[in-house]
Amino acid sequence: MGNRILVFYGSYRSDRMGIRLADYVIERLRSRGDDVEFIDAKAVNLPILDRMYKEYPKGQAPAVLEDLAGKIRAADGFIFITGEYNWGVQPGLKNLTDHFLEEWFWRPAAIVSYSAGRLSGARAATAWHGTLSEMGMVVISSTIGVGPIGQTLSEKGEPIGDGGKALDHAFPRFADDLMWWVDAAKAQRQRKAPPY
């Protein structure tokens, strides 16, 4: 198998349009040979942050946190698929992300944003860039923005219209950029232990 990539998605809404984009990204990465796992914040359903994973005594974290911490540590890279809520990030995805810290370190992350409007979640993507960097990830410069999502992807996550064509055109370069950083980070971790 290829690189181990976790794809995170954060909408808790009943009619989740962004799931189309998650399906698209996962399918395209798998077709490239990558080992991809979908992490749905709604399905994981962590409580509002009270105690981070690292704040539990060793072996006493809830099973869901222990499981997710292991998956994050074992991953080679991450993709965060984010909608935009009132110029900001989705609270469900932010809450899930904040439960961890050191587990994220020394791996690349990429941001894929979307919205129902024409700005494609760009403001959420901008907010996520700083957040993920602060949490120890190397955020790649390539991003994807999709909007209006309902005119870009069908209910099955297949590209439609001009927006779908643009997405199909942009995705290979985006994925190549992420995998370049994944390979670089893997090589560096093998060459030298992280400084902390």
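No value in this document is a laboratory result; all are computed from the given coordinates. If you're wondering where the values come from, they're calculated on a predicted model, not measured in any experiment. In this analysis, Cβ positions are derived from the backbone assuming ideal geometry, glycine residues included, and neighbour counts consider all displayed protein chains.
Laid out as a table, the results:
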| item | result |
| --- | --- |
| Under 27 Å from LYS42, Cα to Cα: lysines that are on another chain or at least 8 residues apart | LYS54, LYS58, LYS71, LYS94, LYS156 |
| Per-residue Cβ neighbour rank within 10 angstrom, fewest leading, HIS129, HIS169, HIS99 | HIS169, HIS129, HIS99 |
| Residue-span extension gain [SER31 to ARG189] - 0.36 nm each, minus C-alpha spacing | 54.2 nm |
| Three-way shape call for region 79-185 based on the alpha-carbon gyration tensor, with the a/c threshold at 1.5 | oblate |
| Which of VAL146, VAL138, VAL25 has the fewest Cβ neighbours within 10 Å, and the rest in rising order | VAL138, VAL25, VAL146 |
| Charged-residue dipole, Cβ positions (Lys, Arg, Asp, Glu), the chain about Cα centre, Debye nearest 20 | 280 debye |
| Residues of type aspartates and glutamates that LYS186 reaches as a straight line, Cα spacing below 16 Å, ignoring anything fewer than 8 places off in the same chain | ASP34, ASP35, ASP76, GLU103, ASP176, ASP177 |
| Whole-Å distance, taken between Cα centres, linking region 132-179 and region 74-119 | 13 Å |
| Cα shape, region 1-93, gyration tensor, a/c 1.5 rule | oblate |
| Crossing angle, helix 63-74 versus the chain [Cα axis fit, 0-90 degrees, rounded to tens] | 80 degrees |
| Straight-distance crosslink candidates among aspartates and glutamates, where the alpha carbon sits under 15 Å from LYS192 and sequence neighbours closer than 8 are dropped | ASP183 |
| Compactness index (Cα Rg / 2.2 N^0.38 Å), the chain | 0.99 |
| CD proxy at 222 nm, helix term only [per DSSP H run n ≥ 4: -39500 (n - 2.57); per residue of the chain; nearest 500] | -13500 deg cm²/dmol |
| Distance (nanometres) between label positions extended 7 Å along Cα→Cβ at TRP87 and TRP106 | 3.9 nm |
| Rounded to 5, percent antiparallel among DSSP beta bridges of the chain | 10 percent |
| Calculated from backbone phi, Karplus (6.51, -1.76, 1.60) coupling profile of region 143-149 in Hz, x at Gly/Pro | 9, 10, x, 10, x, x, 4 |
| Kirkwood hydrodynamic radius of region 50-135, from inverse mean 1/r over distinct Cα pairs, in Å | 13.8 Å |
| Integer Hz, Karplus 6.51/-1.76/1.60 couplings in order for region 150-166, x for Gly and Pro | x, 9, 10, 10, 6, 4, 8, x, 8, x, 9, x, 5, x, x, 5, 5 |
